[in-house]
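Notes follow once the structure below has been shown.
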Amino acid sequence: MALLTRFLGKEGGQKLPELASISTHNFITSLRLFSVTAPMSVIKLRYPKNYNHVKYPERRRLKIIDKIPPLDSGVRPPKMPRDLYTMRGPELIHNKLQYGDYGIQAITGGRLNHKQTETVRMLVVRQMDDRRMFAVWRFNQLWQSVTKKGQGRRMGGGKGAIDHYVFPFRAERILLEMGGHCEFEEVYPLLKAISLALPFRNRIVTHESMAQREAHEEWVEANNLNPFTFKYCADNNILGCNKYLGRYDYIWYNKYR
Amino acid sequence: MAFIWQTLRMFSTTHQSMGTKINIQKPRMPWIERRILNSVTEPLVPPDLRSLPQKCLEKHLIKQNAYKSELQEAYEAFSTKDTFEKLFEHKIVAICHILPMTSRDFFQVRVKMHNAGMKLKFVNNILAKAAIQKSKLQNLELYLTSHNVFILCEETKLAQLMLALKKTPELQLLGGLVEDRILSRAKMQEAAKLPSLDVMRGELLTILSTSACKTSSLLGKHQTELSSILTQLVKERSIC
């Protein structure tokens with residue numbers, strides 16, 4: 001019931017309205033290349049889009065993220081604690097599109113390592129046309145070192161050696177942006193491939209989709225028929241939940257972990 | 001009271017300061033009580049009480065509008081004008097029903113037509129009908145059905161066209177436009193059988209001149225013969 005009701009309502013059916021024509025359009029045009037008897041209007045004609053807002057960065061191709069970040073010379077690379085709090089909660093600053101029109105946003109917090117950044121970079125290099133598109137990382141380096149003890153070693157003997165570097169991020173962080181003289185339909189296949197390649201839950205965003213998501217959330221909050229919101233339950237100890245709720249449940253109210 | 005407890009809890013020094021270790025990357029299923037709380041606090045949105053046809057219509061309209069464009073009318077106006085101009089600048093525009101055939105066979109047909117000096121053109125029926133709508137060629141609409149092809153020629157080579165069509169059973173002539181006249185299949189065949197324009201002009205001249213010729217020859221005959229002819233004419237006139 002709960003799952004069903006989530007999808008009912010005003011904007012339940014629409015996922016990405018920008019792509020309403022893409023799924024059937026290409027199939028139809030491939031079937032009816034020319035027909036004397038078919039109806040005329042199969043092509044969608046549009047006025048040329050205005051790209052005055054596009055500002056290309058210095059480098060259009062995706063930058064190579066170094067495996068090991070630039071370290072101070074003469075200093076031993078620092079071993080860092082796990083700092084899992086850096087993945088926890090919402091991203092408050094880097095959660096909007098700045099450089100391009102389309103991007104990849106993380107739904108949950110997580111970590112990016114060098115292998116994943118390379119996969120994404122190869123996808124972009126192969127599929128992106130850098131004469132009229134650009135792609136930009138929204139972070140600089142994999143700054144956090146992750147240590148590992150050798151396999152089969154016993155506990156003790158100090159902290160392990162640095163194994164690799166990662167970039168931790170919070171939920172709703174924008175990780176990658178794309179833009180240029182291109183439309184969403186051109187960029188979508190590439191972004192979809194990147195989205196599938198990444199190990200954490202993520203979504204493809206545009207300015208419109210983010211605005212729509214915000215509007216939908218506000219509408220759900222305004223039209224919620226359930227009086228038992230998480231906030232109400234937490235504040236009033238419904239079902240004795242205060243026993244097992246943590247401090248962050250009173251801040252984020254079950255929206256983020 | 002609850003608010004005070006919460007703030008104390010958050011900033012408490014006796015309570016575990018680190019909290020439980022959170023598992024962000026591989027979250028485990030929460031235990032039953034927490035799961036119950038999560039499901040109870042799910043937002044309950046007002047259900048969609050519209051009938052199923054209405055809901056389906058909304059989705060259908062979204063898809064339909066995705067195909068529509070702001071330039072559609074302008075494009076249609078341009079394309080109708082363009083087809084009209086390009087088609088009817090030719091002297092002969094014959095419309096044939098085209099039977100299904102392989103592309104190899106069609107190539108052979110095209111070659112035959114080319115050798116006869118004809119061009120083949122496919123035009124969308126709806127577009128062609130729209131093009132001839134408000135013009136004198138409105139009656140060509142009869143031929144613009146099903147699978148058809150336009151045979152175009154810049155010179156009036158009707159006999160050659162008929163000969164070529166005789167050799168191609170895949171093209172069935174319906175009718176067409178010949179020098180600003182709409183002709184049916186039978187009329188076109190008749191017109192093809194006619195001799196050339198010069199021959200026809202000669203014939204017309206002979207027809208026109210035969211009556212004048214006769215009277216001039218009669219008047220030019222010998223006097224005796226002329227008088228006998230005139231007396232005969234008077235007799236006939238008096239009887240009538």
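Here are some notes:
- Across the stretch A:114-132, a minimum of one residue is classified as within 14 Å of chain B (Cβ to nearest Cβ), at pLDDT 95 or above and under 17 Å from the mean Cα position of the chain (by Cα).
- B:SER12 modelled with pLDDT under 85 and not hydrophobic (A, V, I, L, M, F, W, C): yes
- Pair list, Cβ under 9 Å, 6 or more apart: the stretch B:35-57 residue more than 7 Å from every other protein chain (Cβ to nearest Cβ) and surrounded by 11 or more Cβ atoms within 10 Å (Cβ to Cβ), other residue aliphatic (A, V, I, L, M) and part of a loop (DSSP other than H, G, I, E, B): B:ARG35/B:MET29
- The stretch A:218-247, subset outside any helix (DSSP H, G or I) and either touching a helix residue (DSSP H, G or I) at 6+ places or on another chain (Cβ under 6 Å) or more than 8 Å from chain B (Cβ to nearest Cβ) (or both), residue surrounded by the most Cβ atoms within 10 Å (Cβ to Cβ): A:LEU245
- Within the stretch A:142-164, being hydroxyl-bearing (Ser, Thr, Tyr) and either touching a Phe, Trp or Tyr at 6+ places or on another chain (Cβ under 7 Å) or more than 17 Å from A:PRO81 (Cβ to Cβ) (or both) holds for one residue alone: A:SER145.
- Flag if B:LEU218 is modelled with pLDDT under 90 and in contact with a helix residue (DSSP H, G or I) (Cβ under 9 Å, 6 or more places away or on another chain): yes
- Neighbours by Cβ (under 7 Å, 6+ apart or cross-chain): first from the stretch A:231-257, on the phi > 0 side of the Ramachandran plot; second aromatic (Phe, Trp, Tyr): A:TYR253/A:PHE230; A:ASN254/A:PHE230
- Residue selected from the stretch B:50-94 under the condition in a loop (DSSP other than H, G, I, E, B) and among the acidic types (Asp, Glu), by the criterion nearest to B:LEU137 (Cα to Cα): B:GLU89
Residue-wise test of (1) touching a Leu at 6+ places or on another chain (Cβ under 9 Å); (2) over 17 Å from A:PRO57 (Cβ atoms); (3) of a type in the set (Phe, Trp, Tyr).
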| residue | (1), (2), (3) |
| --- | --- |
| A:MET128 | yes, no, no |
| A:GLN144 | no, yes, no |
| A:GLN151 | no, yes, no |
| A:MET155 | no, yes, no |
| A:ASP163 | no, yes, no |
| A:PRO168 | yes, yes, no |
| A:GLY179 | yes, no, no |
| A:PHE200 | yes, yes, yes |
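- When we screen B:ALA164, B:ALA94, B:ALA159 for residues that are within 20 Å of the chain's Cα centre (by Cα), closer than 22 Å to B:PRO195 by Cβ, surrounded by 13 or more Cβ atoms within 10 Å (Cβ to Cβ) and of a type in the set (Gly, Ala, Ser), the only hit is B:ALA94.
- Scanning the stretch A:119-174 for residues that are closer than 18 Å to A:ASP66 by Cβ and of a type in the set (Gly, Ala, Ser) gives A:ALA135, A:SER145.
- Within the stretch A:180-198, the set of residues being within 19 Å of A:THR117 (Cα to Cα), in contact (Cβ under 8 Å) with a residue 60 or more places away in the chain and not aliphatic (A, V, I, L, M) comprises A:TYR188, A:PRO189, A:SER195.
- Residue that is farthest from the other protein chains (Cβ to nearest Cβ), among those in the stretch B:97-152 that are small (Gly, Ala, Ser), buried (at least 16 other Cβ atoms within 10 Å of the Cβ) and in a helix (DSSP H, G or I): B:ALA131
- Some residue of the stretch A:37-51 being under 16 Å from A:PHE169 (Cβ atoms), within 14 Å of chain B (Cβ to nearest Cβ) and modelled with pLDDT under 95: no
The values are calculated or read from the model by the stated rules, or taken from the named source; none is laboratory data. Owing to the predicted nature of the structure, the values given are computational and were not obtained by experimental measurement. Cβ: placed from backbone, ideal geometry, glycine included. Neighbour counts: every protein chain shown.
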